[in-house]
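Here is the structure we will look at, set down as structure tokens.
Derivation of every value follows stated rules applied to the coordinates shown; laboratory data play no part. Owing to the predicted nature of the structure, the values given are computational and were not obtained by experimental measurement. Note that we place each Cβ from the backbone using ideal geometry, even for glycine, and neighbour counts take in every protein chain shown.
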Amino acid sequence: MTSIRQCESDESSLKSAFEEVSTFSLCSHWHRSISGIGASAAADVEPSIAPVQIDHSQLLIDGQFVDAASGKTFPTFDPRTGDVIANVAEGDTEDVNRAVRAARKAFDEGPWPKMTAYERSRIILRFADLLEKHNDEVAAIETWDSGKTYEQAAKVEIPMVVRLFRYYAGWVDKIHGLTVPADGPYHVQTLHEPIGVAGQIVPWNFPLLIFSWMAAPALACGNTVVIKTSEQAPLSALYVSKPFLEAGLPPGVLNVITGFGATAGASLCSHMDVDKLAFTGSTSTGKRQSEVTLELGGKSPFIVCEDADVDAAVEAAHFALFFNQGQCCCAGSRTFVHESIYDEFVEKAKARALKRVVGDPFKNGVEQGPQIDSAQFEKIMKYIRSGVENGATLESGGQRIGSKGYYIQPTVFSNVQDNMLIAKDEIFGPVQSILKFKDLEEVIRRANATSYGLASGVFTQNMDTANTLMRALRVGTVWINCYDVFDAAIPFGGYKMSGQGRVRGIYSLRSYLQVKAVVTALKNPAWL
Ligand code: NAD
């Protein structure tokens, strides 16, 4: 049995525990620092008590919770303190083999693809109901394991996961082929059939949300799944495995492997019995895969035109970058602002960043928690140093908060040039880079001058400008006068090195279906 269980505390004491945590606002500690890093260290953010108890966690294979074949485990850490939360089964090749065998059997012999669409849909709906019931508990696990704010997890992410499963449950009995008007005495039709065993690899920044983007459409189409979670945030997927079984999912239909990329991940990618691979993660890892759905990194432009509502644009650009501690594939990480409003925008962006509330992610009102782990923390601090060294102006932030956990001040750079590292690389942290532009043609060229092409934001009140940018930007999503608007029905994915294929919406179904053409000779064509 997986033994992730809630503490003795009931739901109300769980909630009050979150609320008791000390608030930590950085405003009083921030100052402009030209020399940048290390000038002052703010006090530590004191973590609240652990919200749920997690003893250990096992793999889900063939409907059973089991240890890794090797017996090995690995620790997963609390980003608020760096302390170990739990030791999790370390899946490797042998476990992947067992999981793929189970998924293969469940697909080839089991009831899942053969079940009526209605019944399959009902199981997915039952799972969504159970997940909704445990919303706060799952959100607490997500916050604890990844550092994202509890409010974000409880009010946005877990409800979105529930919504997404319901969306795809609604599709199950609406998946069908076509009749095709081909030449000759033939009746031609297409059947839309599941592909088989789907291998899916998930990153840590939205562990359960991306789990749902991948697993929900695959299961809805009748595939079976082996999913490998991120070693940096493995707990929530294991937790939701139990309600899946309770909802009536047959053994082997969903298998969850926790473990490392180079071992368990690589074994899943190279397994001959996996019919379809989907990977969400960094571009450098994704480049090694081919013929798969890839959701990779980004360096998305956020373009503020001269006629934009500046206050609205400042707020949206702030959200576009700082949401989820800046750890978003689609973060608006290049804020292009027209020269006529540049100074005003920078002042306001800085003021907004200075107001951002950083603290224990379980505390109500906190906007920003810690970064996921020490490696990401160090990487981000290196980028901040490079921004200062390359001559960008550090408007706010730039420093670590305290000495415990992985908290970073919301950081704003102005006077950023295209060739600086902070304008080129995916930083994946709370670092906003504000660049200046003169005209549309120039900003289109510069916005597209990247190997990424995931998303973009456009702020303008001129329809022609909006339409021009919408057509010219080589990206998978254009948000006009808004940003980060997600919905189960809206497709998401990247151009260029940001990915291949789409998740969510009807487009995701296509990647989990085979199309079979059926051509039947007609004996008496004269009758037609
Ligand atoms: P990562 O590439 O390091 O890891 C992602 C997953 O791949 C993990 O489960 C990891 O264990 C596994 N992995 C690592 N090496 C592997 C290998 N050799 N073979 C098979 N699997 C391997 O990425 P990350 O740091 O976990 O996630 C952050 C990245 O994900 C960012 O670049 C971000 O932009 C991207 N991302 C993209 C999207 C999108 O929809 N485009 C969404 C979220 C995150």
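Counting only aspartates and glutamates at least 8 places from Lys436 when in the same chain, those with an alpha carbon closer than 13 Å to its own are Glu306, Glu339, Asp343, Glu344, Asp418. Remark: the Cα gyration tensor places the chain in the oblate category, a/c being 1.5 or greater and a/b not exceeding b/c. Assuming charge only on the beta carbon of Lys and Arg (+1) and of Asp and Glu (-1), the dipole of the stretch 301-480 about its Cα centre is about 640 debye to the nearest 20. Here the spin labels are modelled as points 7 Å beyond Cα on the Cα-Cβ line, and at Glu442 and Asp129 they lie 6.0 nm apart.
For Tyr495, the amide hydrogen comes within under 5 Å of the amide hydrogens of Gly453, Leu454, Gly476, counting only partners 5 or more places away or on other chains and with H modelled in the peptide plane.
Shown in residue order for the stretch 174-188 are the 3J(HN,Hα) couplings computed by the Karplus curve 6.51 cos²θ - 1.76 cosθ + 1.60 at θ = phi - 60°: 10, 8, 7, x, 10, 9, 10, x, 7, 5, x, x, 9, 9, 10 Hz (x for Gly and Pro). For the stretch 102-153, the pair-distance distribution built from all alpha carbon pairs, in bins 10 Å wide starting at 0, is 23, 28, 25, 23, 1 percent. Could you calculate the FRET efficiency of Asp418 with Lys72 from 1/(1 + (r/R0)^6), where r is the beta carbon distance between them and R0 is 30 Å, rounded to 0.05? Taking R0 as 30 Å, the efficiency between Asp418 and Lys72 is 0.05.
Candidate cross-link partners of Lys276 among the lysines, defined by an alpha-carbon separation under 25 Å and a same-chain spacing of 8 or more, comprise Lys105, Lys114, Lys174, Lys228, Lys242, Lys287, Lys496, Lys516. Here's how it looks for Arg334: its modeled amide H is under 5 Å from those of Ser300, Phe302, which are all 5 or more places away or on a different chain. Coupling constants for the stretch 328-336 follow from the phi torsions by the Karplus curve (6.51 cos²θ - 1.76 cosθ + 1.60, θ = phi - 60°), and in residue order they are 10, 4, 9, 3, x, 9, 10, 8, 8 Hz; glycine and proline get x. For the pair Arg471 and Ala312, the difference between a 0.36 nm per residue extended length and the Cα-Cα distance amounts to 54.9 nm.
Across the options Ala68, Leu125, Ser270, the greatest Cα extent toward the positive end of the charge dipole of the chain (unit charges at beta carbon of Lys, Arg, Asp, Glu) belongs to Ser270.
Sequentially through the stretch 410-424, phi angles give Karplus couplings (6.51, -1.76, 1.60; θ = phi - 60°) of x, 10, 10, 10, 10, 6, 8, 9, 4, 8, 6, 4, 5, 8, 9 Hz, Gly and Pro residues having no value and appearing as x. Apply the a/c threshold of 1.5 to the C-alpha gyration tensor of the stretch 219-258 and tell me whether it is rounded, prolate or oblate. It comes out oblate by the Cα gyration axes. Applying D = kT/(6 pi eta Rh) to the stretch 301-480, where Rh is the Kirkwood radius over alpha-carbon pairs, T corresponds to 37 °C and eta to 0.692 mPa s, the Stokes-Einstein value obtained is 202 µm²/s. Proximity of backbone amide H atoms, modeled 1.01 Å from N, is registered between Asp62 and Gly252 at under 5 Å, excluding neighbours fewer than 5 places apart on the same chain.
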